Amino acid sequence: MIALEFIKSELKNHNLELKPKNDGREGVDFFIENYQIYIQTLDLDTIKQSVKISKQDLGELKDNLFIALVLIIDREPRVVYLVPSKQLSQVDSNVFRENEVTLMPSLSNWEIRVSSNTIPKLAKYSLENMIKEL
């Protein structure tokens, strides 16, 4: 997973290490210090401008849970956003959206939208700006 190696490299530049969670799912569950990290990629080379994260997969939104969103541009990981999971529930945001599927709760998800309008709002979650939170 090229995104995983990119995150590790970026963290190493800040003297931090990404460690796999012993009982976690391969490729998505990690720790940085005492913070749980859920890794999600978004390939902007496709027409997709959002990523949906299953509520079932992510679990309960917690203070120590972050989504590491890796943007892929020109087939290369270019930037990492470290989004606190509790930010996903901010309903007044045009970046984060909750999609509740009442009849089939397993399909409910959190959506992160990426566009020229939302990139400035996501910038505060760039790895460089979030390092102080770790």
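The values are calculated or read from the model by the stated rules, or taken from the named source; none is laboratory data. Just so it is clear, the structure is predicted and the values come from calculations on it, not from any experiment. Methodologically, a virtual Cβ is constructed for each residue, glycine included, from the backbone with ideal geometry; neighbour enumeration extends over all protein chains shown.
From the list Asn94, Asn117, Asn109, which one is touching a strand residue (DSSP E or B) at 6+ places or on another chain (Cβ under 9 Å) and surrounded by fewer than 13 Cβ atoms within 10 Å (Cβ to Cβ)? Unique residue meeting the criteria: Asn94.
Matching residues to (1) surrounded by 17 or more Cβ atoms within 10 Å (Cβ to Cβ); (2) without any contact (Cβ under 8 Å) to a residue 12 or more places away in the chain; (3) of a type in the set (Asp, Glu):
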site	(1), (2), (3)
Leu4	yes, no, no
Glu10	yes, no, yes
Pro20	no, yes, no
Phe31	no, no, no
Tyr38	yes, no, no
Leu44	no, no, no
Lys52	no, no, no
Lys55	yes, no, no
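Of the residues making up region 57-77, not one is crowded, with 18+ Cβ neighbours inside 10 Å and without any contact (Cβ under 8 Å) to a residue 24 or more places away in the chain. One residue alone among Leu82, Leu88 is assigned to a strand (DSSP E or B) and closer than 23 Å to Leu134 by Cα, and that residue is Leu82. Cβ-Cβ distances below 7 Å connect the following pairs, each with a first residue in region 115-134 that is at pLDDT below 90, a second residue that is aromatic (Phe, Trp, Tyr) and outside any helix (DSSP H, G or I), and a separation of six or more residues or different chains: Leu134/Tyr35.
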